[in-house]
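The values are calculated or read from the model by the stated rules, or taken from the named source; none is laboratory data. Quantities reported herein were computed from a predicted structural model and do not represent experimental measurements. Every residue, glycine among them, receives a Cβ derived from its backbone with ideal geometry; neighbour counts consider all protein chains shown.
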Amino acid sequence: MSSSILAAAAPAAGDGAPLWQLAVLTAFISAVAGGMASMSMAYRAGRAPRLRKLVGGVEALVGLPGWAAVPGFATIGCALMIITSATWDIGLHIDVGRDSGPLGTAAHYPLLFGLLGVFLMGILAIGLAPRERRKTSPVAINLPGLGLVPAAAVLLLAGSAFGMAAFPLDDLWHRLFGQDVTLWGPTHVMIIGGTISGGIGGALLLIEGALSAGVNPFAGGTGTKSRAARILPVLLAGIWLYFWTATMDEFNWGVPQYREVWQPMLLAFGAAQTFVIARLLIGKGGSFAALAVWLPVQVITSLVIGGPLKVTMPTTPLFIVEAVVVEAIGLTVLSRRPMSFGVAAGVGVGTIGFAANYLWTNIAYPLPWTPAIIAEGLPMAFVAALAGGALGAAMATALRGELLPGRRSLGVAALAVFTFIALGVNASITDRNPLTATLAVTNVRMGPTPNHDEPHKVGDVTVSLSDPSRAKDANWFYVLGWQGDGRYLNHLVQQPDGSWKTTQPVPLDGKWKTMVRLHKGRDMMTVAVRFPSDEAVGFPGIAVPTATPMQRDFMSDTKLLQIERKDDVPSWAWTTATIAVLSTNLLMVLLMGLVSTRLGRIRRSGQTVDTPNGLLVDGAEKALGALGLAHPAR
């Protein structure tokens, strides 16, 4: 046992960070979290005067209870920092490869501070909870040793702890399994899941505070003191759009390591779920309001990454057509029946939305959809959109306190979630039938490569397949060069003799990992053109073929894209860890549903707590009115 621990303590350069980094990181997180916990305990004991002054000032400013406003708004800000810095970090991994640990790149610092910030707000949300029932949320949960705490604070703390734990665990994961340079690695999924759980927890905490103060943040209804709180469901919907966009970042960069059907499935499910929530909670124009919160920041982030940060710029989905579809359906009588509206919105998103995304990928994406996606991708998008619309309707009605009688809403939500899981399982099944490529590199010369001003060795690549039919009607068949301080992508063009050839010079030296990728149906495979040696992970390298044709067998996509992964680790260990992470994410979804249902009880009961009117109410109401988000007359 001790020898294993010592071995893990001195990893190879490709395995993990030096122990001093982990020690510093652990000490820093522990000290800051301990300080926040101490301050929160002092607040609950009637002390911490500066914190009390801050809470009172924010409460007077925004017209919401301070126990909700302070951690709620701060959480949303920190979650935005996480998503932005994580997007930057993904681009760095695509351009330069693995990092040296949790403090290995500049993008990790804002990512760390964002994760820590959300975690601290989870602690603070517990600490700020008033002890008196008349001052706290009517649906506060009585936790042993802590007393009454807002329901959404439990979700915020649980989600933030889940995401925060991923940061140090990521290094442990690399020590055990090697570095999995992919967005969907288990610890990376922890960060994504923790961020969305914490971010949604923060938004729900604000909604819980508004409802507790007798403020109706949703479209219509009675008991409304301030329409300014209508911005809260807009933030809630916007967070969901950030989440769904982040899950597809590898497709946005043109380096997906998963079957293409994931993309239409995620686009359809995410759009239907988000815009149904937005339309039902915000009312007319709600889908456009969610877009207004998300799209400008998304575009600016992409431009900054591709500009000042000098990283390959990602493409972004637009979701505009899907928003129009949902708003159009919302103008019909279906909007009065939430579940019917959710299903109808799913039909529109799964068909018209699919067509719009097909067009947009062919305009802007590095890997455009081809007719090969239609046979499987269209049905999956259609079913995913139905599930997303139904889940969105269930979440919205839970928050509005209008759940279907009995257990029908629970059944609908469960069916939607498990439909999504089933679609994901289907999308995850891949194959690799044997195939050999005959490669030739000609016209070798010095020329430009992406992100480089100085010339590099480049050449033209010709590919012939042992079974030419395998490239016919493929999802993609292209040459990828990555982690060479840039990203290269070029689609192969078929020649009169049946071979395939690049149309732009291919990078062949330096750190460039250059390969031919083929994806058709469930087949996902790669053949190397040129890979540099990597002593840190014991990879000998793969030489550039000469002008004389050379035969090479296609390999599993993952084998070449993740050369840092260790082969000597039992597959059951990886599978077990992956299932554990996905199960925890599923528990977070369940907790979101439970919290939303509890908040809906406030609407039904009409219970309120004491809170002053906010100074920003008038200005916020005018701004919302200018956006067409004023409360409709009832």
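Would you be able to tell me the number of residues in the stretch 80-137 that are of a type outside the set (A, V, I, L, M, F, W, C) and outside any helix (DSSP H, G or I)? Before you say what the answer is, go through the steps one by one.
In the first step, residues of the stretch 80-137 are kept if they are of a type outside the set (A, V, I, L, M, F, W, C); the result is 84-85, 87, 89, 91, 93, 95, 97-102, 104-105, 108-110, 114, 117, 122, 127, 130-137.
Now restrict to residues that are outside any helix (DSSP H, G or I): 97-102, 104-105, 130-137.
Total meeting the criteria: 16.
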Any residue at all in the stretch 281-291 that's in contact with a helix residue (DSSP H, G or I) (Cβ under 6 Å, 6 or more places away or on another chain) and more than 25 Å from G401 (Cα to Cα)? yes
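Residue check: is R52 part of a helix (DSSP H, G or I), on the phi < 0 side of the Ramachandran plot, basic (K, R) and at pLDDT below 95?
Working: part of a helix (DSSP H, G or I): yes; on the phi < 0 side of the Ramachandran plot: yes; basic (K, R): yes; at pLDDT below 95: yes.
The answer is yes for R52.
Within the stretch 355-370, is there a residue that is over 25 Å from R487 (Cα atoms) and either part of a loop (DSSP other than H, G, I, E, B) or over 21 Å from the mean Cα position of the chain (by Cα) (or both)? Steps first, please.
Step one: filter the stretch 355-370 for residues over 25 Å from R487 (Cα atoms), giving 355-356.
Filter again for either part of a loop (DSSP other than H, G, I, E, B) or over 21 Å from the mean Cα position of the chain (by Cα) (or both), leaving 355-356.
Yes, the stretch 355-370 contains a residue that is over 25 Å from R487 (Cα atoms) and either part of a loop (DSSP other than H, G, I, E, B) or over 21 Å from the mean Cα position of the chain (by Cα) (or both).
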When you scan the stretch 278-290, do you find a residue that is at pLDDT below 95, touching a His at 6+ places or on another chain (Cβ under 6 Å) and surrounded by fewer than 21 Cβ atoms within 10 Å (Cβ to Cβ), even just one? no
Cβ-Cβ under 7 Å pairs, at least 6 apart or on other chains, the stretch 467-478 side closer than 21 Å to V255 by Cα, far side assigned to a loop (DSSP other than H, G, I, E, B) and hydrophobic (A, V, I, L, M, F, W, C): R470/L435; W476/L367; F477/L492; Y478/L492
Can you tell me which residues in the stretch 59-101 are under 16 Å from V215 (Cα atoms) and among the charged types (D, E, K, R)? E59
Please go through the stretch 551-597 and pick out each residue that is in a loop (DSSP other than H, G, I, E, B) and of a type in the set (A, V, I, L, M, F, W, C). F554, I563, V569
What number of residues within the stretch 138-180 are on the phi > 0 side of the Ramachandran plot and part of a loop (DSSP other than H, G, I, E, B)? 2
Looking at the stretch 479-513, which of its residues are touching a Gly at 6+ places or on another chain (Cβ under 9 Å) and not in a loop (DSSP other than H, G, I, E, B)? L480, W482, Y488, L489, N490, V506, P507, K513
Options T526, T558; residue that is over 30 Å from A158 (Cα atoms) and modelled with pLDDT of 90 or more: T526
Which of (1) among the acidic types (D, E); (2) in contact with a Leu (Cβ under 9 Å, 6 or more places away or on another chain); (3) farther than 30 Å from F177 by Cα is the odd one out, the single condition D99 does not satisfy? (3)
Residues that are of a type in the set (G, A, S) and not assigned by TED's automatic domain parsing to the domain that holds M592: find the helices (runs of 4 or more DSSP H) completely inside the stretch 202-300 holding 1 or more of those. 231-247, 262-282
For A246, which of the numbered conditions (1) modelled with pLDDT of 95 or more; (2) among the aliphatic types (A, V, I, L, M); (3) under 21 Å from the mean Cα position of the chain (by Cα) fails to hold? (1)
Scan of the stretch 252-261 for residues that are aromatic (F, W, Y) and crowded, with 24+ Cβ neighbours inside 10 Å, ordered by number: W253
Quick count over the stretch 451-478, residues being in contact with a Pro (Cβ under 8 Å, 6 or more places away or on another chain), within 29 Å of D523 (Cα to Cα) and assigned to a loop (DSSP other than H, G, I, E, B), is 1
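Only one residue in T87, T105 is assigned by TED's automatic domain parsing to the domain that holds H174, at negative phi and surrounded by fewer than 22 Cβ atoms within 10 Å (Cβ to Cβ), so which one is that?
Of T87, T105, the one residue that is assigned by TED's automatic domain parsing to the domain that holds H174, at negative phi and surrounded by fewer than 22 Cβ atoms within 10 Å (Cβ to Cβ) is T105.
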Given the conditions (1) at pLDDT 90 or above; (2) within 22 Å of I602 (Cα to Cα), which single one is not true for T222? (1)
